[in-house]
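Bear in mind that the values in this text are calculations on the coordinates, not laboratory data. Since we're looking at a predicted model, the values are computed, not measured. Ideal geometry is used to build each Cβ from the backbone, glycine not excepted, and the neighbour counts take in all protein chains shown.
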Amino acid sequence: MASSTTPSAVAWTKTQIPRHLSSSLVDLSSISFNKSKSSSRKTKIHPTLHSPSVLHFPNQPVTPKEDSSETVNPKTHRYQPQWNFLQRAAATALDIAEAALVSHERRRPFPKTTDPRVQITGNFSPVQEQKVRGQLPVNGTIPESIEGIYVRNGANPLLEPVSGHHFFDGDGMIHALKIEKGSASYACRFTETERLKQERVHGLPLFPKSIGELHGHSGIARLLLFYARGLCGLLDHTKGTGVANASLVYFNDRLLALSEDDLPYQVRITPCGDLETVGRYNFNGQLKHSTMIAHPKIDPVSKELFALSYDFVQKPYLKYFRFFPDGEKSPDIDIPLPVPTMMHDFAITENFVVIPDQQVVFKLQEMLRGGSPVIYDKKKKSRFGILNKSATDANDMIWVESPDAFFFHFWNAWEEPESDEVVVIGSCMTPPDSIFNEHDESLQSVLSEIRLNLKTGKSTRRPIIQEPSNHVNLEVGMVNRNLLGRQTSYAYLAIAEPWPKISGFAKVDLFTGEVKKYMYGDKRYGGEPFFLPTEQNCEAEDDGYILAFVHDEKTWKSELHIVNAKNLQFEASVKLPSRVPYGFHGTFIDSRGLVNQA
Ligand SMILES: [Fe+2]
C-alpha cells in the first residue's frame with residue numbers, strides 16, 4: 001500500500017519454528033532460501049516456517065524510535081502442542097509441504113497487491129497493543145459535546161507474513177480514544193479472533209490469507225493444507241476464520257467488530273477505556289450463517305440493523321435479514337443471484353434496502369487456471385436490487401441495471417417519490433477489481449450519484465464533482481448518520497491522494513458539487529473522517545465535528561484531529577502515545593451508550 005521507501009517500525013511477533021521441525025527444515029535447504037543473508041543462525045536453511053523476514057525494507061531511512069515504554073508485549077507462547085504421535089507426524093509432514101509451497105511461491109516476484117513489502121510498510125505496518133494511557137496532551141479545546149469513545153478498526157498482522165499478504169488480510173486491531181470532560185485517553189488492542197488465538201499459540205500463520213494467498217494453484221494447495229491440518233486436529237477452523245478488521249458498529253448495547261469473512265466479534269469497552277474481546281457473536285444463536293457483511297446499516301429512526309450475508313460457494317449466494325432494536329432477528333430472505341458476487345457494502349433508504357449486484361465476482365475455477373478467484377467479469381450486467389425493508393421474500397424485488405458501475409462503498413441513499421426514483425450516493429471505482437488484482441491503470445474513485453427509476457427500470461449516473469479538473473479520489477467517509485436513508489446535502493470523504501494514502505478530507509455538497517477541503521499537511525496522512533453530530537437531532541445537518549487519526553511521516557507521531565464540520569476549522573488535536581497505523585472504519589459510542597453496554 002505504501003511506498004517501499006517509507007520508514008518502518010514494525011511490531012511483529014516473529015513466526016516461531018516448531019522444535020520438532022528442526023531436522024526436517026534442514027533437509028529443505030536445497031529448495032529454500034539458501035541465499036538469504038539475514039539470519040545469524042549457523043544453518044542456512046530458511047523454509048517457510050523458519051524463514052527470514054519477507055520484509056527487507058531496502059535502502060530505508062532510519063526509522064524514528066517509537067515510544068514503547070507502555071507497550072504490551074504480545075502474548076506469545078512457546079510452541080507446546082499437546083498432540084499424539086500421529087498428529088506430530090502429520091504436523092511435520094504438513095509443515096514440510098508448506099515449506100516447499102512457500103519456497104515455490106517466493107521464486108517469483110509477488111504482484112503489488114500481495115507483496116508484503118508494498119502492502120505493509122511505512123505506517124501501514126503493524127504496532128503492538130497499548131494499554132490505556134490517560135491525560136494525553138491536547139492542543140486547542142475539545143468541544144464540550146464530545147463525551148464518549150471513538151473507536152476505529154484496522155488491519156494489524158500479529159505474525160510476520162512468510163508469503164503473500166494483502167493489507168486487508170491483517171488481524172483486527174481497534175484503536176480507542178476516550179474523551180471525558182475535555183480530557184483524552186488512548187488504548188489499542190487486538191480483537192481476539194479464534195484465528196488470532198490459534199496462530200498466536202502456534203507462533204505460525206496457519207490460516208490462509210484470503211486475498212494475499214488464495215490465488216491460483218498455490219492458493220488451492222494452501223486450502224488443502226489448511227483443511228488437512230483441521231482434519232488432523234492441528235487447528236480448529238470450525239469457529240470461524242475471520243480477522244474482524246474492517247469496521248465497527250454499536251448495536252443493541254454491543255460493540256461489534258466486523259469483517260465480511262466471519263461473524264461479528266463482540267468487544268467490550270471497560271470503564272477506563274480499554275478493550276476486551278467478549279467473543280464471536282451470533283446474536284444469541286439467531287445468526288446461523290458463518291458470515292455477515294462488514295457494513296450493516298442502522299436506521300436512525302427505527303433503530304433496526306440491516307445486514308447481508310454472502311456465500312461464494314453454494315446457493316443461495318446472498319441472504320438479507322434485519323435485527324430489531326432489541327436484537328431479535330428477522331427470518332432470512334434469499335436473494336437470487338446467478339453467480340456469487342463480492343459485496344462489501346449496500347445502502348438503505350427509509351423504506352428499501354438497495355443491494356448492488358456488480359461485476360466483481362467470485363469464480364473459484366479461476367484458481368485452477370492459476371488466477372485470482374475474485375475477478376472483474378465485463379460480460380456481467382451491473383445492477384441494483386431494491387427491496388422493501390420489511391419484505392418476507394424477494395418476489396417483489398426490483399432490479400435496475402446500472403452499466404459498468406462498481407462501487408466498493410455507498411455513502412447514502414434516499415427515495416424521491418415524485419420521480420419514482422431511488423438516489424444512491426457512492427464512489428465509483430475503476431478498474432473495478434483494482435483492490436484485488438494488479439493493474440497498470442491507476443485507480444480512480446469518483447463520487448457519483450445514481451438514480452434508479454423504479455417505474456421504468458432505467459438508471460442514470462453522474463459524477464457529483466462535474467468539473468473534471470476538480471476531480472479527486474474520494475473514498476471512506478460518511479454522511480450525518482442520523483440522516484442515513486434520508487436526503488442529505490453533505491458527505492465527508494477521505495481524499496485518497498496519492499492513493500492509497502489519505503492526505504485530508506473533503507466536505508462535498510451533494511447537490512452543487514462544491515468541495516471544501518481540510519488537508520492534514522506536508523507528509524501527514526490519515527484515514528476515514530468520522531462525522532460526529534453535536535446532538536441527536538441537530539437543526540443543521542452539518543452541526544458536528546469530524547474526528548480523524550492523522551499520522552506525521554516526518555516525525556513518526558500520530559494525533560487525533562477534531563475539526564468543526566460546519567466551517568472545517570481546526571478545533572483540537574490529541575497527541576497519541578504511539579503510532580496509529582492507517583486503517584479502516586470506526587464509530588463513536590457516547591457516554592450514555594458506554595453505561596448501557598451489555
Ligand atoms: Fe469498508
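At what distance in angstrom do the alpha carbon centres of region 280-304 and region 554-598 lie from each other? The distance from the Cα centre of region 280-304 to that of region 554-598 comes to 25 Å.
Just to be sure I understand the rule: take each whole DSSP H helix in the chain, project its Cα atoms onto its long axis, keep it if the span is 24 Å or more and its mean Kyte-Doolittle hydropathy is at least 0.5. Which ones pass?
Once both thresholds are applied, what remains is 85-105.
How much of the pair distance distribution for region 123-595 lies past 29 Å, counting alpha-carbon pairs only, in percent? Counting pairs separated by more than 29 Å, the tail of P(r) holds 47 percent. By other beta-carbon atoms within 10 Å, ranking F85, F352 with the fewest at the front produces F85, F352. For the pair S591 and S469, label points projected 7 Å from Cα toward Cβ lie 5.0 nm apart.
Explain nothing, just the number: relative contact order of region 105-190, from Cα pairs under 8 Å at least 6 residues apart, as a whole percent. For region 105-190, the relative contact order is 38 percent. Once every Cα of region 188-268 carries one equal point scatterer and solvent is ignored, give the base-10 log of I(q)/I(0) from the Debye formula at q = 0.15, 0.23, 0.27 Å⁻¹, two decimals. For region 188-268, the Cα-only Debye profile gives -0.59, -1.13, -1.34.
Scaled against 2.2 N^0.38 Å for its residue count N, the alpha carbon radius of gyration of region 408-523 is 1.11.
Over region 335-426, the alpha carbon radius of gyration divided by the compact-protein estimate 2.2 N^0.38 Å works out to 1.18. Estimated from helical segments only, the mean residue ellipticity of the chain at 222 nm is -3000 deg cm²/dmol, where each DSSP H run of four or more residues counts as -39500 (n - 2.57).
Per Stokes-Einstein, at 20 °C and 1.002 mPa s, what whole-number D in µm² s⁻¹ belongs to region 559-598, with the Kirkwood radius over Cα pairs as the hydrodynamic radius? The calculation lands on 166 µm²/s. Given their separation in residues at 0.36 nm each and the Cα-Cα distance between them, K380 and T456 gain 25.3 nm when the chain is fully extended.
Each label point was placed 7 Å from the Cα along the Cα-to-Cβ direction; for A540 and F511 their separation is 1.6 nm. Listed cross-link partners K455/K566; K329/K378; K381/K517; K315/K381 are compared with a 28 Å cut-off, the Cα-Cα value being larger for K455/K566; K329/K378; K381/K517. Please report the relative contact order for the chain, taking Cα pairs under 8 Å with a sequence separation of at least 6, and give it as a percent rounded to a whole number. The value is 12 percent.
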